[in-house]
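The values are calculated or read from the model by the stated rules, or taken from the named source; none is laboratory data. What you are looking at is a predicted structure, and each value in this text was computed from that prediction instead of being measured. Every residue, glycine among them, receives a Cβ derived from its backbone with ideal geometry; neighbour counts consider all protein chains shown.
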Amino acid sequence: MQELYRLNLGLGSLPLLSDAETRSISAENPEGEKGGGAKAAPAADNAASMLGEGWKVRPCITLEPQSTTCLADIQGPGVIQHIWITVHPNAYRDTILRFFWDGEAEASIEVPLGDFFCNGHALRYNVNSLPMAVNPSGGFNSYWPMPFRKGARITIENQHPEAIGGFFYQITYALTEVPDNAAYFHAQWRRSLTTREVPEHVIVDGIQGHGHYVGTFLAWTQLSNGWWGEGEIKFFLDGDTTYPTICGTGTEDYFCGAWGFGGETYSTPFLGYPLYRKEPGEVPRHGLYRWHIFDPIRFKQDLKVTMQALGWWPNRKFEPLTDDIASVAYWYQTEPHAPFPAFPPVHERYSR
């Protein structure tokens, strides 16, 4: 456990020496090998042709249409510490990012690329948080620590009808021992159209095992006029059925704003509302994140998380809303995990 602590995000651990070995995978070193970077030889039409080997020859790759590319295949034990990716927004909803731990057949992370980094609706906007940051112009960063024991495999599937060029990536990890009580990182994407009869979006359901929930991202498309954020978040823990153990008081309250956000956006280390987009001819769209870093939601057996879609009637009664809501749930748990729902096809992921 002490070795993993030395690799933690806290500044206080930086002076502590470690026997871990740092490696990094990119288009310039696709295997992350020691001494394996910058080996590509430039062709005559390459931008580095006048410089030769050892320069910037292969900084990015092309994702071929209807194909899956393996970005990393790492032999463990170790922990992924930082991921950086940038690409054109046409990849944000049309590509699927998947992570597989320790040779598992089913992914523990399965999320459209943009949504994983809190850029929903296939839109590019900045996010300034501790574990996730999106910087100008579209630099995706993840600092979630992701331990693995036998291996880690990361793939990206391109379901765009054309090739996506200019895909840049860097995956930095440490080869080190992992303690027995270190859990595996998971993330799952869902989308639903709430109804007046059932004005509730399921963020995640069917989680089985021992772990803790660490974050929520919502890409909310508003299909009604007026205020949309009166709904409550609910955490059903360890056998809860009709009633949850943890119940919020309103959507803006869960994201730690208040009173309808006052028309302002914000982005902070642990929570934010970085996107409010209302343009002529468009429906309003919102992006929100909440990280449970100092307040993880711990479960021992199972977990379900839901969010209501509520507004106001003119008579000041709650109005159930028909809204289009997509979400990413982030959590750590022991393996094996329960099967994820079938991933929706690309046309069911298009932004309105």
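If K234 meets every condition in (1) closer than 22 Å to H121 by Cβ; (2) buried (at least 17 other Cβ atoms within 10 Å of the Cβ); (3) among the basic types (K, R) apart from one, which number is that one?
(1)
Mind checking which residues of the stretch 303-321 are hydrophobic (A, V, I, L, M, F, W, C) and over 19 Å from T221 (Cβ atoms)?
L303, V305, W313, F318
Could you grab me the full set of residues in the stretch 91-131 that are in contact with a Ser or Thr (Cβ under 6 Å, 6 or more places away or on another chain) and either under 25 Å from Q75 (Cα atoms) or surrounded by 23 or more Cβ atoms within 10 Å (Cβ to Cβ) (or both)? Steps first, answer last, please.
Step one: list which residues in the stretch 91-131 are in contact with a Ser or Thr (Cβ under 6 Å, 6 or more places away or on another chain), which gives 98-99, 101, 113, 121-122, 127-128.
Selection gives R98, F99, W101, L113, H121.
Filter the stretch 1-60 for residues that are basic (K, R) and surrounded by fewer than 16 Cβ atoms within 10 Å (Cβ to Cβ); which is modelled with the highest pLDDT?
Ranking the qualifying residues of the stretch 1-60, first place goes to K34.
(1) buried (at least 22 other Cβ atoms within 10 Å of the Cβ); (2) at pLDDT below 95; (3) small (G, A, S): which one isn't true of G76, the others all being true?
Only one criterion in (1) buried (at least 22 other Cβ atoms within 10 Å of the Cβ); (2) at pLDDT below 95; (3) small (G, A, S) is unmet by G76, namely (1).
Here are the criteria: (1) buried (at least 18 other Cβ atoms within 10 Å of the Cβ); (2) more than 21 Å from T22 (Cα to Cα). Tell me which single one L71 does not satisfy.
Of the numbered conditions (1) buried (at least 18 other Cβ atoms within 10 Å of the Cβ); (2) more than 21 Å from T22 (Cα to Cα), the odd one out for L71 is (2).
If the Cβ limit is 7 Å and pairs must be 6+ apart or interchain, which residue in the stretch 77-101 that is over 22 Å from A219 (Cβ atoms) pairs with which residue that is in a strand (DSSP E or B) and among the aromatic types (F, W, Y)?
Taking only residues 6 or more apart or on different chains, the pairs are P77/F148; G78/F148; G78/Y173; V79/Y173; I80/Y173; Q81/Y173; W101/F148; W101/Y184.
Which number in (1) crowded, with 19+ Cβ neighbours inside 10 Å; (2) more than 23 Å from Y125 (Cα to Cα); (3) hydroxyl-bearing (S, T, Y) marks the one condition that T241 misses?
Of (1) crowded, with 19+ Cβ neighbours inside 10 Å; (2) more than 23 Å from Y125 (Cα to Cα); (3) hydroxyl-bearing (S, T, Y), only one is false for T241: (1).
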